[in-house]
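Accompanying notes for the structure given below.
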Amino acid sequence: MLWTIFLLLNGLLILVLHYSTRKRQKNEPPLDKGLIPWLGHALEFRNDAAKFLARMKEKHGDIFTVCVAGHYVTVVLDPNSFDKVLNETTSFDFSRIRAQMVNRVFSLQLPSSNSAPERKWMENHFQGLNLQKLNSSMNIHLHNLILNNPESCCSSEWKVDGLFGLCYSLLFRAGYLTLFERDENVAAVYKEFRKFDDLLYKLARKSLNRGETEIVKLSQERLWKLLSPPYLTGGSPSNSSQQSYHHFLQEQGIDTDMQTKAQLLQLWTTQCNAGPAAFWLLGFLLTHPEAMEAVKSEIRGLSALQDTSLQRPRLNQLGPCSTPVFDSVLNETLRLTAAVMINREVMQDKLLPMADGKEYHLRKGDRVCLFPFLSPQMDPEIHQDPQMFKYDRFLNKNKTLKDEFCKDRKRLKYYIMPWGAGRNSCVGKEFAVTAIRHFVFLLLTHLDLELCNPGAELPPVNSRRYGFGMLHPEGDLLVRYRLKRT
């Protein structure tokens, strides 16, 4: 027993010495280890990564290295230098970080760390003719859920609900019906998915308490059972996205247990962002009347939506360039509330060239992190008054979509990055944008939607969810809605 305690203490001492004796070497970025050996800045990073990294940026500039729970992470905040990380796939790798996170959050262990085959499947499914079919199906399901479902919106009487729950529920259900084509368990899947998603960021950071651990475990088990393809238990096969993905997993040699867990990963990947994005977009419109009127005016000018009857609107005819005001509002919403982190592992010692001409030495085994929420999205050099919502921020004077922004007098390739970038950018971007557009246009065309309290403000963000896609609110925004009276 004493020998075991001695070994543990000796190991702990070695760890403390290892992480407390690291020094900044020549040409390395500024090093900030924090006060606590090994742990470093982990607690501050976990509680509010945006606030912490903003403090580090003010102290050290656009590149610095911090210690976070035993990992040394070099944070790059100059968007003009992002491509130096994104395009370098030999020195900077994502596969091991992804495999660790997928295993921790989804209990999923894949036989290969090569994600290229899965990405190719996603590209085939979410682009071209298949994307058109998905958009059409999504439009039909949204229309039916909003206008033909007795349990949702199809009433001329006022109904009160939280805007976040309303947006998340409707977009999730429509997405699930589109991709899985199963209406018998959609309510149960949504219920368990929300429990799982609400705690996912804690699961990823290993910060669940005992009660939360039990909730996540039960939700995962129920979701695995609910998402199991019906034809594996005697049901009839379909041509759904789920079945196509299941066949892909079989071809990759993945066993039955892992196939089911992969379905949950696929569900979360495709459904976790649209609902929260729609919430923030509608929330900004409801709390900014000028923006709401500008979007409604644009909608009134669309020939595909001039008929406000309950017949299915021809939203699929709308091209991406036909709604510049809405597109600006969406970009501004994503700028303020999309908070992805792009992480890479340093596979070999590397000199990282920056846009200002300087070069920094990065050590093998460290990590590199890009946090576009802080820069470019909240950078006052790029976006004036970045904390403010300006619906026309992405509009030129001639009402075309603005895409020219600069930093250090250089035009930016990346002025917002809600979908990531490079080889790991979001394949389903067009599907998600189209779904959000359809959803918002349906609501504003066919429903009266207003705040229960005209003076209400948007709730603050959950600061612990930075790094996990779209931010969630702390609380909700009460609204009331009914069918428009014709």
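We did not get these values from a lab; they are worked out from the coordinates using the rules stated. Because the structure is a prediction, the values reported are computed rather than measured. Cβ atoms come from the backbone with ideal geometry, glycine included; neighbour counts cover every protein chain shown.
Some observations on this one:
- Note on Asp93 and Lys225: with the Förster distance fixed at 41 Å, the Cβ-Cβ geometry gives a FRET efficiency of about 0.75.
- Counting only residues at least eight positions apart within a chain, or on another chain, the lysines with an alpha carbon under 28 Å from that of Lys399 are Lys296, Lys390, Lys407, Lys410, Lys413, Lys429.
- Estimated FRET transfer efficiency (Arg104, Arg480; beta-carbon r; R0 41 Å; 0.05): 0.50
- Angle in degrees between helix 128-147 and the longest Cα principal axis of the chain, rounded to the nearest 10: 60 degrees
- Gain upon complete extension [Asn124, Asn398; 0.36 nm per residue less C-alpha separation]: 95.0 nm
- Kirkwood Rh, angstrom, segment 359-475 [1 / mean 1/r, Cα pairs]: 17.8 Å
- Taking 26 Å as the straight-line reach from the Cα of Lys33, the lysines in range (excluding those fewer than 8 positions away in the same chain) are Lys23, Lys51, Lys57, Lys59, Lys84, Lys202, Lys206, Lys350, Lys358, Lys364.
- For segment 164-173, Karplus couplings with θ = phi - 60° (6.51, -1.76, 1.60), whole Hz, Gly/Pro x: 5, x, 5, 5, 4, 4, 5, 6, 5, 4
- Within the chain, antiparallel bridges make up roughly 80 percent of the DSSP beta bridges whose residues both belong there.
- Amide N proximity, segment 366-402 versus Glu58 label position 7 Å along Cα-to-Cβ, cut-off under 17 Å: 374-375, 378-381, 385-388
- Residues of segment 392-407 with amide N under 15 Å of a point placed 7 Å along Cα→Cβ from Asp385: 392-395
- The tail of the calculated P(r) for segment 141-225 beyond 17 Å holds 55 percent of all Cα-Cα pairs.
- Inter-label distance for Glu290 and Gln25, nm, one decimal - labels placed 7 Å from Cα along Cα-to-Cβ: 5.4 nm
- Each label was represented as a point 7 Å from its Cα along the Cα-to-Cβ direction; for Ala116 and Cys452 these points are 5.4 nm apart.
- Split the chain at each of the GluC sites (Glu not before Pro) in a DSSP loop with at most 12 other beta carbon atoms within 10 Å, and the longest piece is 185-380.
- Computed over the alpha-carbon atoms, the chain gives an Rg to Rh ratio of 0.98, Rh here being the Kirkwood radius from the mean inverse distance.
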